[in-house]
Amino acid sequence: MSKVLVVTSGKGGVGKTTSSAAISTGIARRGKKTVVIDFDIGLRNLDLIMGCERRVVYDFVNVIQGDATLNQALIKDKRTENLYILPASQTRDKDALTVEGVEKVINELKEMEFEYIICDSPAGIESGALMALYFADEAIITTNPEVSSVRDSDRILGILSSKSKRAENGETPIVEHLLITRYNPGRVVSGDMLSMEDVLEILRVPLLGLIPEDQSVLKASNQGEPVILDENSDAGKAYDDMVARLLGEERPFRFISEEKKGFLKRLFGG
């Protein structure tokens, strides 16, 4: 049975697309047939992070408008078996997405036996973001540990509980998960950043993942490679932990507190 999962937030620049790429890659690596859809019509960044921008011929809007079939538009990932990307259009307006069109595409993907359909939402609460979450079964609310980001995430929680198809039909609510990105325990201690506990107290959503601030994320994005594939990086390990939890495995949370340096590291500045 297919599961539709939206990666969303109220604020831009919190790492939704980076997370969508990592999550979809991690799920596919565990043997699940997975597709990730870029809902950011007019901008389109998912294909860059997935390293397939030169392979885009048709896009999400072409499929909705009947100019191409899903088989023509879907891009098979070269690194990860079972993973496909449906890119956004760079030349259309966000209004090109319609409820009927999005539903048609999602139903076709379900018929193609995709186990996970990941919707990479644009920022904000405009039409593209509302379309991305409308058909969701589960949502990953992505936030940085800062007041404005957390406040905007709280607004998204309200929309998830009122404007999704499940809410409108009185069905079981969307299952909500929290993802905290760019977490820096040192800055928490110095008072420059909200703590994990602060964020959880405000949003009251179960924590699924905590991704540390890590230069490997930027490096991976620039190289067109999901950071979860960098198994030596802290961010890669944290995303792998997160995917394991999403699929029902128990994993302890890492990178919550500052690493205590041993004598030699302190001596040599490691």
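Quick rundown of the values:
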item: Percentage relative contact order, the stretch 121-188, counting C-alpha pairs under 8 Å, at least six apart; result: 38
item: Ratio of Rg to Rh over the stretch 137-184 (Cα coordinates, Kirkwood Rh, two decimals); result: 1.05
item: Cα centre as origin, Lys/Arg/Asp/Glu Cβ charges: the chain dipole, Debye; result: 620
item: Ellipticity estimate at 222 nm from DSSP helix runs (n ≥ 4, -39,500 (n - 2.57)) divided over the chain, nearest 500; result: -10500 deg cm²/dmol
item: Mean projected area in nm² (Cα convex hull; one quarter of hull surface) for the stretch 57-140; result: 5.9
item: Amide H partners (placed H, <5 Å) of Asp137, local residues excluded; result: Val4, Leu5, Val6
item: Normalised contact order of the chain, rounded percent, pairs of Cα under 8 Å and 6 or more residues apart; result: 23
item: Hits among aspartates and glutamates - C-alpha to C-alpha of Lys104 under 15 Å, sequence gap 8 or more where chains match; result: Asp59, Asp67, Glu113
item: Cα-only Debye scattering, the stretch 39-185: base-10 log of I(q)/I(0) at q = 0.16 Å⁻¹; result: -0.95
item: Two-site label geometry, Leu207 and Lys78: point separation in nm, points 7 Å out along Cα→Cβ; result: 3.9
item: Net charge, Val227 excluded, C-beta distance under 12 Å - Lys, Arg +1, Asp, Glu -1; result: -4
item: Rough spin-label spacing in nm, given labels placed 7 Å along Cα→Cβ, for Glu197 and Glu231; result: 3.6
item: Selected from Arg54, Arg92, Arg245 as most flexible by GNM, with the chain as the system and alpha-carbon contacts under 10 Å; result: Arg54
item: Computed over the stretch 1-89, the ratio Rg/Rh where both radii use C-alpha atoms and Rh is Kirkwood; result: 0.94
item: Cα Rg over Rh - the chain, Kirkwood; result: 0.98
item: Extension gain, Ser257 back to Thr91 (0.36 nm per residue minus Cα-Cα distance, nm); result: 55.3 nm
item: Radius 9 Å from Cβ of Glu138, net charge of other residues (Lys, Arg +1; Asp, Glu -1); result: -1
item: For the stretch 5-21 and the stretch 185-199, distance of Cα centres in Å; result: 21
item: Dipole of the stretch 52-117, positive direction: furthest Cα of Val63, Leu86, Ile117, with charges on the beta-carbon; result: Leu86
item: Inter-probe distance in nm under a simple model that places probes 7 Å from Cα toward Cβ, at Gln65 and Arg151; result: 3.8
item: Total charge dipole magnitude, the stretch 67-138, about the Cα centre, Cβ charges on Lys, Arg, Asp, Glu only, Debye to nearest 20; result: 300
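Read-outs throughout are calculated quantities, based only on the coordinates presented, and are distinct from any laboratory measurement. Remember, predicted model here, so these are calculated numbers, not experimental data. Cβ atoms come from the backbone with ideal geometry, glycine included; neighbour counts cover every protein chain shown.
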